[in-house]
Amino acid sequence: MRPGLGLMAAAVLVLSCAEGSCHKAPASTTAGADDDPRANVARLQRANALLQRQIDLAAGKDFYLVLDPAAGSLVLMLKGARLQQFGVRGLQVGHPRVSWVGLRDRRRIEDVIWSKGELDPPRLLDRLVIQAAPPAKEGAEQTGKEAEPTPPPVPPTPEELYPVPSRYHIRFADGLSMEVRPREADTTVIQNAGGLPLPTELDGRFVDKFLYTEQERDKARKTMQASCRRCHDSSWVDGHWERFMNTIQHTNGATLAATQLMQDIWKRDLAQNHTKGGNPFDEFIEKVWSDVWLFYANTIRFSSAMGGGGDYSVFADGKYHLSRAVREMEDWLKARKTGTEKPPAKKK
Ligand code: HEC
């Protein structure tokens, strides 16, 4: 979904999802089958009611959105005319939880018009007023004494004018709230080229398909830094960021060193990873490797991001443990390479 769509539409009509799922589905799942005339009539009645709602919306003066999960499309409409179509990457329906108890709302979200949508966070700038230069004096054209008035500036497009957060809600009057996200937010779908559920390759490259682009990251950083400047001076914020980026680089470097050792270990068959029918995360030395990035590198980053570094980033599962684990991997491999220790007995 493009973030710009929340600019004007206050009403949305959600069409029915394909059987059981709101993900993109091939058309064939809904076609066919209904030979039973009663089922056919019921289906036609539903389709009819839905068309009636679209007619109601088209009769109004306001912009509205039609969300069709099965087709993966969200269309911005005005008086029945399609103005712009947005792609929908994925759609999930959530229910609120109160004190760990799910409160399942039994109302249908499909085939219903959701109205009185409000942006959350609200849009700060309502509209831009451009004052044109006063017209030339009457008769000036004939005498040629006065120059043409300067033409008014070209107004920016809504996308240029309104800073749209990459993630926001549209809250409707009857309790439905839509959260618009720039990417598929379900991280369980992430897979790298090696088939592992990781957002990076083992050589440190990003799995771009599932992650923010450089520009999106830049935009998110600026948004966040703007929030810091409400309390801190720019030099404070920039200084913090510089140290934080340095920490990321440092921990990335250590993770890469550990991963290269791990790859060497796998190559020598001292541990079995997924390419040899094993699990890359279950043997002793693989767990030492996982500690490096999953725990120590993350803890160091956390402490740098949230506390500006300091003691925690060294002592609390931090830099001390990170370098110890890398050393341990190095020694472990060296001992097996030089034969000063017997390789682990092969399982029968
Ligand atoms: C609501 C005001 C406020 C905002 C917003 C805010 N800070 Fe702070 N920040 C503070 C205060 C107050 C302290 C001092 C807290 C203390 O020392 O107990 C502080 C402390 C810090 C420290 C020093 C931490 C340490 O232990 O040395 C850093 C670094 C910092 N902030 C960075 C940021 C960054 C980066 C952001 C934006 C992501 C941010 N702050 C947003 C108020 C704010």
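The values are calculated or read from the model by the stated rules, or taken from the named source; none is laboratory data. Values in this document were obtained by computation on a predicted structure and should not be read as measured data. Using ideal geometry, Cβ is built from the backbone for each residue, glycine included, and neighbour counts are taken over all protein chains shown.
Taken over the range 199-226, the criterion of being within 11 Å of the ligand (Cβ to nearest atom) and exposed (fewer than 10 other Cβ atoms within 10 Å of the Cβ) is satisfied by no residue. Each residue in the range 207-261 was checked for being among the small types (Gly, Ala, Ser), touching a helix residue (DSSP H, G or I) at 6+ places or on another chain (Cβ under 9 Å) and under 19 Å from Asn298 (Cβ atoms), and 3 pass. Here is the figure for the range 300-333: residues that are within 16 Å of the ligand (Cβ to nearest atom) and touching a residue at least 24 places away in the same chain (Cβ under 8 Å) total 7. Answer with yes or no whether Asn279 is within 16 Å of the ligand (Cβ to nearest atom), assigned by TED's automatic domain parsing to the domain that holds Gly309, farther than 20 Å from Arg324 by Cβ and without any contact (Cβ under 8 Å) to a residue 40 or more places away in the chain. No; evaluated as a whole, the condition is false for this residue.
For every residue, the table says whether it meets (1) of a type in the set (Val, Ile, Thr); (2) exposed (fewer than 14 other Cβ atoms within 10 Å of the Cβ); (3) farther than 19 Å from Asp174 by Cβ.
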{"residue": "Arg38", "(1), (2), (3)": "no, yes, yes"}
{"residue": "Tyr64", "(1), (2), (3)": "no, no, no"}
{"residue": "Leu76", "(1), (2), (3)": "no, no, yes"}
{"residue": "Asp111", "(1), (2), (3)": "no, no, no"}
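Does Ser290 satisfy being within 16 Å of Leu202 (Cβ to Cβ) and either among the polar types (S, T, N, Q) or touching a helix residue (DSSP H, G or I) at 6+ places or on another chain (Cβ under 9 Å) (or both)? Judged against the criteria, Ser290 is a match.
What pairs come out if I take residues in the range 213-242 that are not assigned by TED's automatic domain parsing to the domain that holds Met306 and pair them with residues that are near the ligand (Cβ under 9 Å from one of its atoms) and of a type in the set (D, E, K, R) whose C-beta lies under 8 Å away, six or more apart or interchain? Taking only residues 6 or more apart or on different chains, not a single pair turns up. Annotation note: of Arg217, Arg205, Arg181, the sole residue that is farther than 25 Å from Val88 by Cβ and basic (Lys, Arg) is Arg205. Kindly provide the set of residues from the range 270-292 that are under 16 Å from Gly195 (Cβ atoms) and either in contact with a His (Cβ under 8 Å, 6 or more places away or on another chain) or not charged (D, E, K, R) (or both), ordered by number. Answer for the range 270-292, where residues must be under 16 Å from Gly195 (Cβ atoms) and either in contact with a His (Cβ under 8 Å, 6 or more places away or on another chain) or not charged (D, E, K, R) (or both): Gln272, Asn273, His274, Thr275, Gly277, Gly278, Asn279, Pro280, Phe281.
The condition of being at pLDDT 90 or above and either among the basic types (Lys, Arg) or in a loop (DSSP other than H, G, I, E, B) (or both) does not hold for Asn252.
Those helices (runs of 4 or more DSSP H) of the range 274-337 in which at least 1 residues are more than 27 Å from the chain's Cα centre (by Cα), considering only elements entirely within it, cover 284-290, 312-315.
Yes/no per residue for (1) at pLDDT below 85; (2) closer than 23 Å to Arg167 by Cα; (3) β-branched (Val, Ile, Thr); (4) not in a helix (DSSP H, G or I):
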site	(1), (2), (3), (4)
Thr188	yes, yes, yes, no
Asn192	no, no, no, yes
Gly195	no, no, no, yes
Leu202	no, no, no, yes
Asp218	no, yes, no, no
Lys222	no, yes, no, no
Ala226	no, yes, no, no
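Within the range 65-115, the set of residues being among the basic types (Lys, Arg) and on the phi > 0 side of the Ramachandran plot comprises Lys79 only.
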